[in-house]
Every structure is written in C-alpha cells, then in structure tokens.
Amino acid sequence: MPLVSIAMYVTSEPLADATAELWSFLRHYLLNAGLRGLPERLDQTVPYDEAWLRPDLLLSQACGYPFAKSLRGRVRLVATPIYDHPGCDGPLMRSFIIVAKDSALHSLEDLRGTTAAINSPDSNSGSNFFRAAVAPLAGSGRFFGRIIETGSHRGSIAAVVEGRAESASIDCVTYANIRRFDPGHLQAVRIIAETPKGPGLPFITSGDASDDRVLLLRKALIAAIKEPSLAAMRATLGLVDFSVLSEADYAPLLSLAGDALPQMRA
C-alpha cells in the first residue's frame, strides 16, 4: 500500500480534520482515475521527514530548505500550496520574528548577542529565513550569542515566553494557524520583523514516479481547490490554490543568507 503522509500543518484538531478531509477527496479522485490500494487514512506512524524518501511514497509535504538541500533529484515535485494567510505571497512565504511581549527588544539589531530559538537547523522557516534576516547585520562575524533547538515552532514560542530564548522565527502559516485555533500561545509574544520570503512547503511524490502519476496528482489537488463542497476545508487550512514550481525555483533557498552566518546549530 502506498504511503501518504501530510503532516506539516496538523497541530490542532481543526487542521488535522481538514487535512484528513483533503486526503479523503484526493483518494476518491485517484481511485476514480484507476489507482488501487490507496490507504483510507493518512499515515501517522512514520516521522514526516522519514516519509519523504520512502520508495512507496505517493504524496507528502516537505519543507522547502530540506527539499532544496537534499531532496532535489531524489523526489518529484507535485505542487506548492498557496495560502491566504498574512505573510504569504502566492506560493512564496516568509516567517515572523517574535520576542516576548514585555521584551525591551524592538529591532533585529537588538537581537545581537542574544539567545535565539530554532525548531531545527534544517528548517527553512525557523532557521534558514532567520539567518537570512540577520545576515545583513552580521557582516563576517557571529550575530547571536547562543542558539537553542526546540524541535517545533510551538516549542520555539514556548522558549521565548519562558525566557529561555529572546527570539524565534515562526513561519507565517504556522503563526496564522496558532492565532486562529490556539491564540493563547501567542498572547505573550509580539512580532518585531519579517524575514525574506521564498517558495513554500511543496507536495512531493517518490523519485521514480512517472510523468503520468505526477500529472494525476496535480489534477487531484486542483480538483480539491475547485470542489464546492470543500469550501470549509479550504478555509480551515487557508488554502486557495496550488502552483507548479520547478526545482530551480527552490535552489535560491540554499544561498538566501549568503556566507555571512554559519549554519544554525544548537
């Protein structure tokens, strides 16, 4: 049975339910197109990043920086979602740099020498965009005094609220989702800057997928955008369309911050 794992934006129940509804529609579309043996439910057992290179992968959503860094040429791009959240620009997205609401920090320059929280060193929104935002201020030297790794955007927000870090970079889709469904998590933080933008989290399939398979998956995703009965699902996800980007569109993420800063490590 092929693997289907869409696990990047499912941290609250409404998002998880909407994502499950999206897959239910896609499944029926693909079954009607002749595919067989499709799972009824999204996989919740395989870690999201382990799913990306599974040979049995039918559909997943990857992070942009890992795609540019290590997945290009090993998986196939299907489409990039377009969200209507603040900070999104077509298939492009950015992150919001946050500090504690009562913090004395008000600008990127104020972050020099402080502790930054990142969800993962390979995260595009939580690390790569963060580096790109402060790179012009860093010159050829170190900018942050210390970096801690939290494992998730929610963990990074908690680190800022609890005083373990002064700042964090939260992708605009995650920020919008938390603001709508778990607003209490944001009551004690505020945004001081926006990062540069880049292509968002792409939907991918296995590297040996045929052109016909990729085209069918794209048609299924577009059908989900046009289906009237899925309006509530799309509104919950903030999903308004899909765009077909190329691998070359993701390549600039590798040099977004230039050489001004080392890779963010805990």
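The values are calculated or read from the model by the stated rules, or taken from the named source; none is laboratory data. Fair warning: this is a prediction, and the values are worked out from it, not measured in the lab. With ideal geometry, Cβ positions are generated from the backbone for all residues, glycine too; neighbour counts draw on all protein chains shown. For accessibility, only protein heavy atoms count, side chains too; no ligands or nucleic acids. Shrake-Rupley method; radii C 1.70, N 1.55, O 1.52, S 1.80 Å.
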Open item on the list: With a 1.4 Å probe and all protein chains kept in place, how much accessible area does D56 have, in Å² rounded to the nearest 10?
Closed with: 50
TODO: Treating the angle as unsigned and between 0 and 90°, give the value, to the nearest 10°, between the Cα long axis of helix 129-138 and the longest Cα principal axis of the chain.
DONE: 30
- [ ] Report which label in (i) 58, 37, 31; (ii) 45, 43, 40; (iii) 74, 39, 31 holds the value of Cα extents along the principal axes in Å derived from the coordinates of this structure.
- [x] (i)
Open item on the list: Test of the criteria: in the range 137-246, which GluC sites (Glu not before Pro) are in a DSSP loop and have at most 14 other Cβ atoms within 10 angstrom of their Cβ?
Closed with: E162
Task: Cleavage-rule hits, trypsin sites (Lys or Arg not before Pro), the range 1-79, DSSP coil, Cβ neighbours within 10 Å at most 15 - done: R36, R41, R74
- [ ] Report the net charge of residues surrounding E227, where surrounding means a beta-carbon distance below 14 angstrom and charges are Lys +1, Arg +1, Asp -1, Glu -1.
- [x] +2
- [ ] Measure nothing but the geometry: give the 0 to 90° angle between the long axis through the Cα atoms of 13-32 and the longest principal axis through the Cα atoms of the chain, rounded to 10°.
- [x] 30
- [ ] Mind running the shape call on the range 3-58? Use the C-alpha gyration tensor, a ≥ b ≥ c as the square roots of the eigenvalues: rounded below 1.5 for a/c, prolate if a/b tops b/c, oblate otherwise.
- [x] oblate
Open item on the list: Counting heavy atoms of the protein chains only and a 1.4 Å probe, report the per residue accessible area for the chain as a whole number of Å².
Closed with: 44
TODO: Identify which of P66, P202, P47 has the largest mean-square fluctuation in a Gaussian network model of the chain, with springs joining Cα atoms closer than 10 Å.
DONE: P47
TODO: Can you tell me how much longer the chain between L215 and S255 gets when fully stretched, taken as 0.36 nm per residue apart minus their C-alpha distance, in nm with one decimal?
DONE: 11.4 nm
Open item on the list: If you average the alpha carbon positions of the range 139-158 and of the range 171-185, how far apart do those two centres end up, in angstrom?
Closed with: 19
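For C172, C88, what's the largest-to-smallest order of accessible area, 1.4 Å probe?
Details: C172 0, C88 30 Å².
So the residues, ranked largest to smallest area, are C88, C172.
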Open item on the list: Rounding to the nearest 10 and keeping the result within 0 to 90°, find how far the Cα-based axis of helix 211-226 lies from the longest principal axis of the chain.
Closed with: 80
